[in-house]
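Right, one structure below, let's go through it.
Every number here is computed from the coordinates shown, using simple stated rules; none is lab data. The shown structure was predicted, so the numbers you read here are calculated from the model rather than taken from an experiment. Positions of Cβ are backbone-derived with ideal geometry, glycine not excepted, and every protein chain shown enters the neighbour counts.
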Amino acid sequence: MAEQPYYVTTPIYYVNDKPHIGHAYTTLACDVLARFHRLDGDDVHFLTGTDEHGQKVEKSAQAAGVDPQVFTDEVSQNFRRLAADMNYSNDDFIRTTEPRHIHACQALWRAIRDNGHIYLGSYAGWYAVRDEAFYTESELTKDEQGNKVAPSGAEVEWVEEPSYFFDLSKWQQPLLDFYDANPDFIGPDTRRNEVISFVSGGLHDLSVSRTSFKWGIPVPDDPDHIMYVWLDALNNYQTAVGYPDTESALYSKYWPADLHMVGKDILRFHAIYWPAFLMAAGLAPPKRVYAHGWLLNRGEKMSKSLGNVVTAGDLVERYGLDPVRYYLMREVPFGQDGYISHESMVGRINGDLANDLGNLAQRVLSMINKNCDARIPQPQPLKPDDTAILAAAAEVLSTVREEFERQAFHRALEAIWKVVGDANRYIDAQAPWKLRKTDPDRMATVLYALADVIRHLAILVQPVMPDAASSMLDQLGVPADRRSFSELGSGHAVAPGTELPKPSPVFPRFIEEDSAA
Ligand code: MSP
């Protein structure tokens, strides 16, 4: 079968902030999907990057006393470092200050304008710099001091200035028709319903240019205006695949994008404004936008003022990279808000990883090392119990694929760990350590079956824990070019006689410092 293109994107991150675990989470989910699709034989393009224009970034640069370009050059690097530290496999890293993006945004503007969807007017209304969003009076609430604030709690200011408008109000029905014709466009379903009910309530035309500050992309033919930062930012997804050259190899292969992964706070921009801009320009909207929930630190939103911001680096240093990747994808049902805590992290590391998968692999590899001359043993004809566990390991791929398709990472991992549980029950029932004396041939068969079950499990966990999986596959003597999903199943089993290196544990237990003394 020909390779299917798969284009997945993260939101681009505001460079006013240092990256924290919330940012790491969004990109991790995309990395897991990108790796999954590559292993599944797809032709993947995985994009991340930084959102560098707008008032929020300009203010941060001013506060730091540096020119915005110098400021963004520097802070954008923090996000590149995050990608390296978390072992993300992105194919590109886009910055909205790059010439390719400025060119693409001006082309998109012209396309929308030339189709008659942009007009000059003047804006008088509320703006929240923190959200880079306009709000109507009726959307505002009051904070504890009685000040007007955005629904997100962000401070708002009154803005009055000449502005170009996008005729968003005319897109209400086309958007509702689009959602109807594309039921998978927004996930999860609860978010889809929220968007539909918001759009059904009517849409106002949207101010898409600003004149009161300069840090942005000039509007074509009217350089007194700069483009609204969200119009600029959203278009990054097209820039990275070659827009405005819609005939280019990248654009024709990867557009429309398969998935824009976003946090629930920025769904409205992606599920309403973005498809409307694209339709107005005569371009195809993305295939899917998925809004995940918030990671809360022991139930509280992370913020600089609460002093409870956790960085990816803090967690990785304490618990190790792959355990953190596993924990973030397993602990919180993806799509919902969820807590992260030291206790639940240690529970997952010592339970799922060290006891369940790690111990299984370590037991089997050590027995092969000691009792089978450190080679994959030669099996006798398999018994029904052996074929059952091997079949379970091979068949789980279809469940995993379905769950990944719906961004239900926790469920995909749950399905894999069900096989881990079955394999542990199988080893306990077969007790190969007892067979060593009574029936060495049967011991060899059981260890052979287990080695192949572990090969399956290691191949399947690669998207989430690439390093740990690779170490397991090295220890099983599986060559690097035999690790894709097409290698699952009995036709590709471990080869008897393959010499194995000395085993070493892949998932150490987490020992509390207090009890380590
Ligand atoms: N620049 C815009 C996105 C433009 S995309 C065209 C932006 N940037 S952001 O840096 O503020 O946020 C980026 C992403 O990080 C959002 O998806 C947001 O939901 C996510 N997270 C930030 N904090 C988070 C948590 N605590 N938990 C989970 N995700 C959170 O918005």
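Helix 68-85 against the longest principal axis of the chain: what's the angle in degrees, Cα atoms only, rounded to the nearest 10? Roughly 20 degrees between the two axes. Taking a straight Cα-Cα cut-off under 22 Å and skipping sequence neighbours fewer than 8 places away in the same chain, the lysines within cross-link reach of Lys418 are Lys383. Sequence-ordered 3J(HN,Hα) estimates for segment 173-187 from the Karplus curve with 6.51, -1.76 and 1.60 and θ = phi - 60° stand at 5, x, 5, 4, 5, 5, 4, 5, 6, 10, x, 8, 4, 10, x Hz, glycine and proline given as x.
Given the DSSP H assignment, sum -39500 (n - 2.57) over each helix run of at least 4 residues in the chain and divide by its residue total; what's the result at 222 nm in deg cm²/dmol, nearest 500? Kindly include the intermediate steps, with their values, before the conclusion.
On the way: 20 runs with 233 residues, N = 517.
The helix contribution divided over the chain gives -14000 deg cm²/dmol.
Segment 225-250 to segment 87-101: how many Å between their Cα centroids? Each part reduced to its Cα centre gives a spacing of 12 Å.
Can you give the translational diffusion coefficient of the chain in µm²/s, computed by Stokes-Einstein from the Kirkwood radius over Cα pairs at 37 °C and 0.692 mPa s? Mind showing how you got there, number by number?
Details: Rh = 25.2 Å.
The diffusion coefficient I find is 130 µm²/s.
May I ask you to sort Asp51, Asp17 by Cβ crowding, counting other Cβ atoms within 10 Å and putting the fewest first? Walk me through the intermediate numbers first.
Values: Asp51 27, Asp17 17.
Fewest to most other Cβ atoms nearby, the residues stand as Asp17, Asp51.
Pairs over the 27 Å Cα-Cα cut-off, from the set Lys18/Lys264; Lys142/Lys301; Lys170/Lys214; Lys142/Lys214; Lys148/Lys264; Lys214/Lys287: Lys170/Lys214; Lys142/Lys214; Lys214/Lys287. Of all stretches in the chain that contain no GluC sites (Glu not before Pro) in a DSSP loop with at most 10 other Cβ atoms within 10 Å, the longest one is 248-511.
Each principal axis of the Cα cloud of segment 309-352 was evaluated for its coordinate range; sorted largest first, these ranges are 26, 26, 17 Å.
Want the number for Asp467 to Ser504: 0.36 nm per residue separation, take away the alpha-carbon distance, what's left?
Details: separation 37, 0.36 × 37 = 13.32 nm, distance 1.38 nm.
The Asp467-Ser504 span can extend by a further 11.9 nm.
Taking amide hydrogens as placed 1.01 Å from N in the peptide plane, the amide H of His225 sits under 5 Å from those of Val219, each at least 5 positions away in sequence or on another chain. Under 5 Å from the amide H of Val44 lie the amide H atoms of Tyr6, each residue being 5 or more positions distant or on a separate chain, with H modelled from the backbone and absent for Pro and chain starts.
Once the Cα atoms are used to define both axes, helix 189-200 deviates from the longest principal axis of the chain by about 10 degrees. Residue by residue, segment 308-324 carries 3J(HN,Hα) couplings of 10, 6, 9, 9, 4, x, 4, 5, 5, 5, 7, 10, x, 5, 5, x, 5 Hz when phi is fed to the Karplus relation 6.51 cos²θ - 1.76 cosθ + 1.60 (θ = phi - 60°); x denotes Gly or Pro.
For Ala374, what is the net charge nearby, where nearby means another residue's Cβ is under 9 Å from its Cβ and Lys, Arg count +1, Asp, Glu -1?
Numbers: positive: Lys370, Arg375, Lys502; negative: Asp373, Glu499.
Neighbour charge sum, excluding Ala374 itself: +1.
Residues Val229, Val129 in ascending order of nearby Cβ atoms (within 10 Å, fewest first): Val129, Val229.
I'd like to compare 211-217, 260-266: which one has the highest average count of other Cβ atoms within 10 Å, and what's the full order after that? Don't skip to the end; give the middle numbers.
Numbers: 211-217: 18.0, 260-266: 20.3.
Highest-to-lowest ranking by the protection proxy: 260-266, 211-217.
Distance between the C-alpha centres of segment 487-510 and segment 193-209: 54 Å, rounded to the whole angstrom. Look at where the Cα atoms of segment 11-33 and of segment 414-450 average out, and the two centres are 41 Å apart.
Apply the a/c threshold of 1.5 to the C-alpha gyration tensor of segment 5-292 and tell me whether it is rounded, prolate or oblate. Verdict is rounded for segment 5-292. Once you sort the root eigenvalues of the Cα gyration tensor of segment 213-331 as a ≥ b ≥ c, which label holds: rounded (a/c under 1.5), prolate (a/b larger than b/c) or oblate (the other case)? Since a/c reaches 1.5 and a/b is larger than b/c, the shape of segment 213-331 is classed as prolate.
Mean sequence separation of contacting Cα pairs (under 8 Å, at least six apart), scaled by the length of the chain, corresponds to a relative contact order of 15 percent.
Of Arg298, Arg330, how do they rank once you tally other Cβ atoms within 10 Å and put the fewest first? Could the numbers behind the result be given before it?
Numbers: Arg298 10, Arg330 22.
So the residues, fewest neighbours to most, are Arg298, Arg330.
Between helix 466-475 and the chain there is an angle of about 20 degrees, using the helix long axis and the longest principal axis of the Cα atoms. Amide H contacts of Thr50 (H built 1.01 Å from N, in plane; Pro and chain starts excluded): Tyr13, Ile94, Arg95, Thr96 sit under 5 Å, all sequence-distant by 5 or more or on other chains.
Charge tally for Glu487 (other residues, Cβ to Cβ under 12 Å; Lys, Arg +1; Asp, Glu -1): 0. Provide the per-residue ³J(HN,Hα) series for segment 236-247, in order, calculated from phi with Karplus coefficients 6.51, -1.76, 1.60 and θ = phi - 60°, each as a whole number of Hz, with x at glycine and proline positions. Karplus-based 3J(HN,Hα) across segment 236-247 equals 4, 5, 7, 3, 5, 10, x, 3, x, 7, 6, 8 Hz.
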